[in-house]
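The values are calculated or read from the model by the stated rules, or taken from the named source; none is laboratory data. Here the structure is a predicted model, which is why all the values come from computation and not from measurement. Cβ sites come from the backbone with ideal geometry, for glycine too, and all protein chains shown count toward neighbours. Accessible surface is based on the protein model in full, side chains and every heavy atom, while ligands, DNA and RNA are left aside. Shrake-Rupley method; radii C 1.70, N 1.55, O 1.52, S 1.80 Å.
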Amino acid sequence: MYQFFIEDENAAEDFVTIEGSDVNHIKNVLRMKPGEKIRVCTRNGQNYFCSISDITESFVRADILEKEAESTELPCRIYLFQGLPKNDKMEWIIQKTVELGVYEVIPVAMKNCVVKLDDKKAKSKVTRWQAIAESAAKQSKRSYIPQVGMVMSLKEAFSYIEEQKFDLSMIPYELEKGMDGIKQVLGRLAPGQQIAVFIGPEGGFAPEEIEMVRDEMQLISLGRRILRTETAGIAALAILGYQLESQTDGRDE
């Protein structure tokens, strides 16, 4: 079943209205017809199962069949602060972490980043990355489109989590030994938290970057093997997601 996102005001009591680029996609790419079933989510996370009733050049109307009570979102907001990788790896990272439930992805310029983006290039990249996040949210039946933030320096990112008072902040670090760190993090997880995960670029974190926050953030290991930058965030999200959904599984039954 295909999924589409709409603005909150486009959801009425008995029907929803889809506008924008999705109209062309429904009509000319998917070639859908009245009577076909779709899933529709508002920006505030309300989910509906609908049946298309009318397709025009400028909008698609669908009758609401059922309001879905269960959200597909994780019970915590996980922010991924990703060191800028080379080539198109960021697109892969965004796509896969959105599928795994990330709340926001924030690209971070670090000392060992090979990629350097000026303001113009950064804005263009973020626009592209946001489109990838929306596509991945539709594919994975998310109730929310994760945001891709503007590129920050590492110092700005550290200041941001301090100002926003994150509940947990962790850094998977290749020089960290043993699994005690990740065990401590998993033991402290609880629904409703705001969590920061920092991932270094291809060259990893510089020693002085780690020393900046050694006493403020939890250094963790993701295992004895060295993971690529495009793998580390995915591994961290998978571990956190499993723990969080295990805690809440069956509570509402």
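How much area per residue is accessible in the chain when the probe is 1.4 Å and only protein heavy atoms are counted (Å²)? It would help to have the intermediate numbers written out before the result.
Working: 13410 Å² over 253 residues.
Spelled out: the 1.4 Å probe surface of the chain, per residue, equals 53 Å².
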Could you put Arg225, Arg214, Arg128 in order of accessible surface area, largest first, with the 1.4 Å probe and the full protein assembly present? Arg225, Arg128, Arg214
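Report, in deg cm²/dmol and to the nearest 500, the calculated mean residue ellipticity at 222 nm for the chain, where each DSSP H run with n ≥ 4 adds -39500 (n - 2.57) and the sum is divided by the residue count. If you can, show how the numbers build up before the last one.
Values: 7 runs with 83 residues, N = 253.
Helix contribution divided over all residues of the chain: -10000 deg cm²/dmol.
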Full-extension gain in nm, Asp63 to Ser124, via 0.36 nm per residue minus C-alpha separation: 18.3 nm
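What FRET efficiency, computed as 1/(1 + (r/R0)^6) with R0 = 45 Å and r the Cβ-Cβ distance, is obtained for Arg31 and Arg214, rounded to the nearest 0.05? If you can, show how the numbers build up before the last one.
On the way: r = 56 Å, r/R0 = 1.25.
Result of the calculation: an efficiency of 0.20.
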Provide Asp8, Asp249, Asp22 ordered by accessible surface of protein heavy atoms (probe 1.4 Å), highest first. Asp249, Asp8, Asp22
Per q in 0.08, 0.10, 0.15 1/Å, what log10 I(q)/I(0) does a Debye calculation on the alpha-carbon atoms of the chain return? -0.36, -0.55, -1.05
The farthest towards the positive end of the charge dipole of the chain, of the residues Ile145, Ile239, Leu227, given +1 on Cβ of Lys and Arg and -1 on Cβ of Asp and Glu, is Leu227
Using the crude model of +1 on Lys and Arg Cβ and -1 on Asp and Glu Cβ, and no other charge, please compute the dipole size for the range 107-193 relative to its Cα centre, in debye to 20. 400 debye
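Is there a quick way to get the dipole size of the chain? I mean about its Cα centre, with the Cβ of Lys and Arg at +1 and of Asp and Glu at -1; what is the value in debye to the nearest 20? Kindly include the intermediate steps, with their values, before the conclusion.
Values: 32 positive and 40 negative charges, 202 e Å.
That gives a dipole near 980 debye.
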With each label point set 7 Å from Cα along the Cα-Cβ vector, what nm distance links Glu70 and Met152? 3.4 nm
Provide the solvent-accessible area of Asp54, counting protein heavy atoms only and rolling a 1.4 Å probe, rounded to the nearest 10 Å². 60 Å²
I'd like the accessible area for Ile64, computed on protein heavy atoms only with a 1.4 Å probe and all protein chains in place. Round to 10 Å², please. 30 Å²
Once Leu222, Leu154 are ranked on solvent-accessible area with the largest value leading and a 1.4 Å probe, the list reads Leu222, Leu154
Rounded to a whole %, the carbon-and-sulfur portion of the accessible area of the chain at a 1.4 Å probe is 46 percent
Show me the ranking of peptides 92-100, 226-234 by mean Cβ neighbours inside 10 Å, starting with the highest. 92-100, 226-234
If only Cα atoms are counted, what is the Rg of the range 177-253, and what is its Dmax, in Å? 14.0, 48
Cut-off 10 angstrom, C-alpha nodes, Gaussian network model of the chain. Which of Glu91, Glu134, Glu209 fluctuates the most? Glu209
Explain nothing, just the number: dipole magnitude of the range 1-147 about its Cα centre with +1 on each Lys and Arg Cβ and -1 on each Asp and Glu Cβ, in debye rounded to the nearest 20. 1020 debye
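Taking 0.36 nm per intervening residue step and subtracting the Cα-Cα distance, what contour gain separates Thr248 from Asp180 on full extension? It would help to have the intermediate numbers written out before the result.
Working: separation 68, 0.36 × 68 = 24.48 nm, distance 2.34 nm.
In short, 22.1 nm is gained.
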Cα extents of the range 1-95 per principal axis, largest first, Å, are 45, 31, 22
Name the shape class, rounded, prolate or oblate, that the alpha-carbon gyration tensor gives for the range 70-211, where a ≥ b ≥ c are the square roots of its eigenvalues, rounded holds for a/c under 1.5, and otherwise prolate holds if a/b is larger than b/c and oblate otherwise. oblate
